[in-house]
Amino acid sequence: MRSVFVFLLMIPLVYGQQFNAMSEFGLAPPQLWASSQLFTDSVQVQLQLDYPDVQIRYRTDGQEVTESDALYNGPLTLTQSSQIMAKAFHPELQSSDYVSMTVDKIRYDIRTAIIQTSERPHESYKGLGPSGLVDLKRGSTAFRGNSAWMGFQTDSLQLILRLKSPLEIEEVKVGFLEDQGSWIFGPSHIVVFHKGDAVGAVLYKEAASSQAKEVALISIPIEKGTYTELSILIQPLASIPDWHDGAGTTPWLFLDEILIN
Amino acid sequence: MQRRGFIKQTGLTALGLVAAPSALAALQPYKDLVIGHGTHRYKIDMDWGALDSSKYPVNDCHEMVQDSKGRIVLLTNHTQNNVIIYDTSGKLIETWGTEFPGAHGLTLNVENGEDFLYISDNARHEVIKTTLEGQIVQVFPYPADSGKYEKPEQYIPTETAVAANGDVYVADGYGLQYIMHYNAKGELLNVFGGRGATDAHFNNAHGICIDNRDANNPSLLITARQQNSLKRFSMDGKYLERYDFPGAFICRPVIQGNQVYLATIWSGDGSEGTGFVSILDEKNRLVSAPGGCRPHYTDKGLTPMYQTVKVFQHPHDVCVDQDENLYVAQWNAGKTYPIKLIRQ
């Protein structure tokens with residue numbers, strides 16, 4: 001009896017070889033949109049994967065998403081800095097890879113600030129000009145044709161930030177892109193000056209070794225004080241490191257945002 | 001995708017499940033995946049054209065056409081066998097071609113009852129016309145007399161289209177984005193397009209075809225892939241109209257019946273491995289997207305498209321056979337062979 005049953009089960013198995021079964025394929029990651037990646041009060045996040053019987057589950061703490069996490073059933077409103085992670089599940093298809101986005105709550109909206117750059121960006125990656133560095137809009141890893149990014153090839157870049165009114169500041173953040181496969185590296189050293197005096201500095205040791213493709217943000221703690229003008233000196237890697245195809249040449253530096261807290 | 005190995009594995013799982021309470025659960029893994037929307041839905045055969053890669057290797061599978069005998073002709077940029085000819089079941093019939101290192105565009109045209117192939121070669125910077133047996137009968141070289149180019153390297157033709165009167169149009173999709181219009185003898189009659197963001201210009205004029213659906217009024221359909229747009233031009237190179245498909249990086253238009261089929265190499269923000277297939281109706285509206293989300297139009301036009309299920313990596317061309325099954329050739333997909341989609 002049992003062997004007959006096994007035989008019956010084999011029939012769809014043989015027949016099924018002509019086409020590929022649902023269980024052999026995975027879902028694509030959900031689409032993820034945020035009203036802004038930077039916000040002062042709250043941010044709205046939406047997820048979507050238009051496929052029948054899909055369930056999207058998510059977390060906001062950057063941890064891996066499992067089938068027991070929260071089920072997405074409408075736009076989320078977040079009021080704190082979060083790393084959203086989301087994944088799509090289906091009863092018959094394999095679950096998707098995760099999609100991730102960081103949204104950062106910031107203290108100051110400095111869209112009225114004036115910013116100047118010591119070097120011109122490359123003709124192909126002009127972004128929106130220096131004002132795009134304080135527009136509260138982040139770029140994405142699809143950097144080609146993405147107006148958020150200013151791309152530079154230089155051994156040093158100075159940004160002068162003039163605020164409309166004095167603000168109490170203890171941290172400067174610089175948004176950059178890492179995509180070593182496209183010869184784009186993070187900065188190696190950033191120093192913040194006020195009236196010629198260094199008020200904060202940071203070394204990004206991973207700039208030469210990192211092999212990421214991500215939109216990143218580096219924090220430079222500065223002496224707490226009230227400032228209206230700051231000068232930010234960004235030093236890219238002197239040259240592309242030896243492990244890379246472009247060893248010895250000047251790396252690209254891609255910037256999208258300057259933030260203060 | 002190692003399908004056969006997977007079947008074997010799930011087969012064992014199924015046997016193991018015999019003792020389980022629900023025998024139906026064991027059947028579930030064999031539910032065929034059906035992709036696409038509305039009237040254009042397909043089952044999938046990932047192994048359709050798989051060959052022994054030590055004997056018949058491929059790099060990118062760029063384009064495919066069906067010849068007058070019903071055979072499926074694949075063009076790859078592997079110079080061991082640039083052309084691989086299959087029957088519709090995926091059985092190998094023959095291979096030829098060793099001199100097309102940049103084999104990219106493949107168009108078939110029937111001239112006085114005989115099939116001819118037009119091969120656009122990115123690396124040779126020219127278009128080569130051959131018989132179905134691989135004999136070269138004509139070359140459309142780098143168009144020095146167009147006045148648009150300084151050197152052959154600037155001219156990187158991606159596709160051709162042949163009009164009823166024998167005129168040949170060549171899209172310089174990876175070069176300076178001009179469209180060359182020749183007569184059948186290869187004399188340059190007109191040049192139009194060129195790089196730019198306006199309606200009459202292109203960013204990646206990747207594919208071109210003749211639209212004969214209005215039999216009395218043929219026109220050209222040309223993709224502007226980076227602009228996610230399909231543009232219509234008159235046969236003498238005047239811009240007429242455009243159809244936008246946000247999020248769909250469409251490669252070349254292929255017309256069969258009233259539909260336009262377009263391999264869509266990337267979607268969404270253009271990330272890797274996000275391709276699907278786009279199918280337009282007689283009004284040039286996207287009606288089915290196998291592997292992509294359901295097309296949805298509002299008063300602002302098509303809602304941005306994205307991939308939903310990972311069947312394809314980078315579809316580069318779609319061939320439609322007499323039964324309206326599709327064959328999908330892929331660029332940069334791990335040297336895999338074409339995938340067949342069976343119309344439901």
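The values are calculated or read from the model by the stated rules, or taken from the named source; none is laboratory data. Not measured: the values here are computed from a predicted model. Neighbour counts are summed over all protein chains in view; Cβ atoms, including those assigned to glycine, are modelled from backbone coordinates with ideal geometry.
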Considering every residue within the stretch A:199-211, establish whether at least one is touching a strand residue (DSSP E or B) at 6+ places or on another chain (Cβ under 9 Å), hydrophobic (A, V, I, L, M, F, W, C) and not in a strand (DSSP E or B). yes
Considering only the stretch B:317-327, I want to know if a residue exists there that is buried (at least 19 other Cβ atoms within 10 Å of the Cβ), acidic (D, E), in contact with a strand residue (DSSP E or B) (Cβ under 9 Å, 6 or more places away or on another chain) and in the same structural domain as B:N204 (by TED's automatic domain parsing). yes
Is there a residue in the stretch A:217-234 that is without any contact (Cβ under 8 Å) to a residue 24 or more places away in the chain, more than 17 Å from A:S182 (Cβ to Cβ) and either outside any strand (DSSP E or B) or assigned by TED's automatic domain parsing to the domain that holds A:T141 (or both)? no
Determine if the stretch A:62-70 includes at least one residue that is of a type in the set (A, V, I, L, M, F, W, C), in a loop (DSSP other than H, G, I, E, B) and either within 17 Å of the chain's Cα centre (by Cα) or more than 23 Å from A:E257 (Cβ to Cβ) (or both). yes
Scan the stretch A:11-31 residue by residue and report those that are more than 9 Å from chain B (Cβ to nearest Cβ) and at pLDDT below 95. A:I11, A:V14
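Matching residues to (1) exposed (fewer than 15 other Cβ atoms within 10 Å of the Cβ); (2) acidic (D, E); (3) out of contact with any Pro (no Cβ under 7 Å at 6 or more places or on another chain):
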site	(1), (2), (3)
A:D53	yes, yes, no
A:G62	yes, no, yes
A:T79	yes, no, yes
A:S82	no, no, yes
A:A86	no, no, no
A:H90	no, no, yes
Residues A:L128, A:L133: which one is of a type outside the set (D, E), outside any loop (DSSP other than H, G, I, E, B), surrounded by 14 or more Cβ atoms within 10 Å (Cβ to Cβ) and at pLDDT 90 or above? A:L133
Please specify each residue of the stretch B:289-344 satisfying the condition of being of a type in the set (D, E, K, R) and over 18 Å from the mean Cα position of the chain (by Cα). B:R294, B:D299, B:K300, B:K310
On the basis of being without any contact (Cβ under 8 Å) to a residue 40 or more places away in the chain, away from every other protein chain (no Cβ under 14 Å), of a type outside the set (A, V, I, L, M, F, W, C) and surrounded by fewer than 14 Cβ atoms within 10 Å (Cβ to Cβ), does A:P75 make the cut? yes
Does A:F152 qualify as being closer than 27 Å to A:S239 by Cβ, within 14 Å of chain B (Cβ to nearest Cβ), touching a residue at least 40 places away in the same chain (Cβ under 8 Å) and not hydroxyl-bearing (S, T, Y)? no
